[in-house]
Amino acid sequence: MTVLVAARDIRVRRALSGLLELVDQCAVGVADTARLGSDADVVADVLADVVVLALDRGHTAQDLRVIERLALRGCTVIAVCSGTTRNSVVLAAGAEACLDEEDPGFADHLAETVRSACGPSAAAGRRRRPVDRPDG
């Protein structure tokens, strides 16, 4: 599974990608949200199973447009916010989930949400795939 972490702050990108690198069978890439919001071609070129988008209080409208464009392309978007963001607005824009980074169980919730985003059978199928062995 390929996950793209998008956030304006490089420290946030590093923290989220570090958490996600611990998820089984997960390849993680990073992008600056400002670049996603300003360039429609970048959104069109996103090749990821899941996009984890850190919402920025000062750029909520732009972040919502990014969610809408990614969702229209069929990308699964998991929004990460702090407690003040209204989950209903984020979900209405097309996000699969909106997780509160201030939640004490945030790391576990993020990992579980990413795993379930690709479906339990897909994740289980990757772990159970038989190893190719030459006939002997």
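One table, with the values for the structure above:
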| read-out | value |
| --- | --- |
| Subset of segment 61-101 [among the polar types (S, T, N, Q), out of contact with any strand residue (DSSP E or B) (no Cβ under 6 Å at 6 or more places or on another chain) and open to solvent by 60 Å² or more (accessible area, probe 1.4 Å)] | T84, S88 |
| Long-range neighbours under 9 Å by Cβ, at least six apart or interchain, first residue farther than 10 Å from T33 by Cα and polar (S, T, N, Q) within segment 1-22, second open to solvent by 60 Å² or more (accessible area, probe 1.4 Å) and assigned to a loop (DSSP other than H, G, I, E, B) | T2/L47; T2/D49 |
| Long-range neighbours under 9 Å by Cβ, at least six apart or interchain, first residue within 10 Å of A7 (Cα to Cα) within segment 48-70, second part of a strand (DSSP E or B) and modelled with pLDDT under 85 | V52/V28 |
| Residue list for segment 65-120, restricted to those being assigned to a loop (DSSP other than H, G, I, E, B) and touching a Gly at 6+ places or on another chain (Cβ under 7 Å) | E102 |
| Residue identified as modelled with pLDDT under 80, within 27 Å of Q25 (Cα to Cα) and assigned to a helix (DSSP H, G or I) among V42, V46 | V42 |
| Of all residues making up segment 1-31, the number that are polar (S, T, N, Q) and within 15 Å of L53 (Cα to Cα) | 2 |
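The values are calculated or read from the model by the stated rules, or taken from the named source; none is laboratory data. If you're wondering where the values come from, they're calculated on a predicted model, not measured in any experiment. Note that we place each Cβ from the backbone using ideal geometry, even for glycine, and neighbour counts take in every protein chain shown. Only protein heavy atoms, including side chains, enter the accessible area calculation; ligands, DNA and RNA are left aside. Shrake-Rupley method; radii C 1.70, N 1.55, O 1.52, S 1.80 Å.
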